[in-house]
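Remarks on the structure that follows.
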Amino acid sequence: MVRLSSQTLYSFEPNPQFGLTWELSPQHTLRAAIIRSLVTGNPESLSPTQIAGFLIEESPTTSTRIWQYHLAWDAALRRDTFLQAALFYVDREVPTTSSASPTTVQFASQRRLGGRLTLEQLLPGGVGLSLDYQHVRRVN
């Protein structure tokens with residue numbers, strides 16, 4: 001999927017969103033996504049919530065620019081057991097102003113790098129069990 005949108009009131013600022021899902025075999029799938037989002041403070045605009053199974057990160061702060069990079073491997077270990085390994089990098093540019101110059105907007109970068117490992121087991125009676133480990137660290 002490729003999506004291009006412009007969500008700013010002041011100038012054209014594209015928000016490219018690209019996702020790829022590749023079924024290597026019936027048991028193994030690779031997924032990747034590159035997502036850029038710009039929050040403009042317009043709550044009435046509708047946009048997708050995910051690209052290739054990765055959630056699009058939003059921010060409550062208006063004019064925050066977010067770049068996301070995701071890579072995941074999904075595996076069906078058995079008919080009722082699934083494993084997912086994922087890596088991600090997120091770079092958020094949050095607008096800030098100083099008391100010395102309140103009309104000048106600068107952007108502070110907030111970067112995160114992380115990984116996630118998830119094991120899911122389907123149990124009898126339609127019940128599922130999910131074990132999840134996620135490690136995230138700030139990169140600055």
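Would you confirm whether any residue within the stretch 96-108 is under 21 Å from Ala33 (Cα atoms), modelled with pLDDT under 95 and touching a strand residue (DSSP E or B) at 6+ places or on another chain (Cβ under 7 Å)?
Within the stretch 96-108, the subset under 21 Å from Ala33 (Cα atoms) is none.
Within the stretch 96-108, none of the residues are under 21 Å from Ala33 (Cα atoms), modelled with pLDDT under 95 and touching a strand residue (DSSP E or B) at 6+ places or on another chain (Cβ under 7 Å).
One line per residue, one yes/no per condition, for (1) surrounded by 12 or more Cβ atoms within 10 Å (Cβ to Cβ); (2) within 16 Å of the chain's Cα centre (by Cα); (3) assigned to a strand (DSSP E or B):
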| position | (1), (2), (3) |
| --- | --- |
| Ser63 | yes, no, no |
| His70 | yes, yes, yes |
| Trp73 | yes, yes, yes |
| Ala76 | yes, no, yes |
| Phe82 | yes, no, yes |
| Glu93 | yes, yes, yes |
| Ala108 | no, no, yes |
| Thr118 | yes, no, yes |
| Ser130 | no, no, yes |
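Just one residue in the set Thr49, Thr8, Thr29, Thr61 is of a type in the set (S, T, N, Q) and modelled with pLDDT of 90 or more; that residue is Thr29. For Leu122, state whether it is surrounded by 12 or more Cβ atoms within 10 Å (Cβ to Cβ), modelled with pLDDT of 85 or more and closer than 23 Å to Leu20 by Cβ. No, not satisfied.
The values are calculated or read from the model by the stated rules, or taken from the named source; none is laboratory data. It should be emphasised that the depicted structure is a prediction, and the values quoted were computed from it without experimental measurement. FYI the Cβ positions are ideal-geometry reconstructions off the backbone, even for glycines, and counts take in every protein chain you see.
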